[in-house]
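Visitor: Structure in structure tokens, see below.
Just so it is clear, none of the values below were taken in a lab; they were calculated from the coordinates. Quick caveat, the model's predicted, so the values are computed rather than measured. Here the Cβ positions follow ideal geometry from the backbone for every residue, glycine too, while neighbour counts run over all protein chains shown.
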Amino acid sequence: MLPDPLRVLYLHGFASSPASRKGQFFAARFKLQAIQLEIPDLAEGDFRHLTITRQLYLIERLLDGAPATLIGSSLGSYLAALYASHHPEIHRLVLLAPAFDFSHLWLSGLGPEAVARWEQNGTMPVFHHACCGEMALGFEFIRDAAHFPPFPHFVQPALLFHGNHDSVVPVQHSLAFAAAHPNVRLFRLDSGHELTDVLETIWAESQSFLLDGRLAPK
């Protein structure tokens, strides 16, 4: 059974915010069940100094050892998997297009010359979806990411949703992960990386898993 009261955190993706479309979609659905979805700003207002370590530390501070369910999108899904791998009090997870093999994806996507310029300059401009413009990101972001396992191992039950046409994170990563983790149920969807066009399908598949039979108040 799920803990009561149920505590659920939504972990947004890279260069996103608590106002993300997916986060707000889930918040509205949980509100119908009288549950407040927590959506922290994973950058804590300091995108320049964003790292995996800082984000994990924020989650740890917020939960303070309390049981919880984690929902994550892309980098947020990778964070959820990393956190659950060291925190057995996490009850279950819903992972949307998880950015497994995160460090390698970034390094191979940028190429050695761009990475070298980033390291030399100390920062690199990246597009921030919440601000709709470029923001500087420190090189420590990718240096820190290299210290974490590409495919975190966790044993909690999880649903994993991945688009067959994802051009950011290959669906093969989720296929391999699910094949190696019997606790994970994979749903392949006719969508891309964002998955915003299949949110109703995702909710229909995950509602009972997330709420465990809870009914909306009369």
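Visitor: In nanometres, what is the gap between the two model label sites at R117 and L62, each 7 Å from Cα along Cα-to-Cβ?
Guide: 3.4 nm
Visitor: For the chain, what's the relative contact order in percent, using C-alpha pairs closer than 8 Å and at least 6 residues apart?
Guide: Across the chain, relative contact order equals 22 percent.
Visitor: Now for a different question. Quick check: net charge around F141, other residues with Cβ under 12 Å of its Cβ, Lys/Arg +1 and Asp/Glu -1?
Guide: Net charge in that neighbourhood comes out at -1.
Visitor: On to the next question. What do you get for the angle between helix 112-121 and the principal long axis of the chain? Use alpha-carbon atoms, 0 to 90 degrees, nearest ten.
Guide: 80 degrees
Visitor: Right, next: Rounded, prolate or oblate for the range 2-58? Axes are the square roots of the Cα gyration tensor eigenvalues, ordered a ≥ b ≥ c, and the cut-off for rounded is a/c under 1.5.
Guide: Since a/c reaches 1.5 but b/c is at least a/b, the shape of the range 2-58 is classed as oblate.
Visitor: Suppose the chain between S208 and L32 were pulled fully straight at 0.36 nm per residue; how much longer would it get relative to their current alpha carbon spacing?
Guide: The S208-L32 span can extend by a further 62.0 nm.
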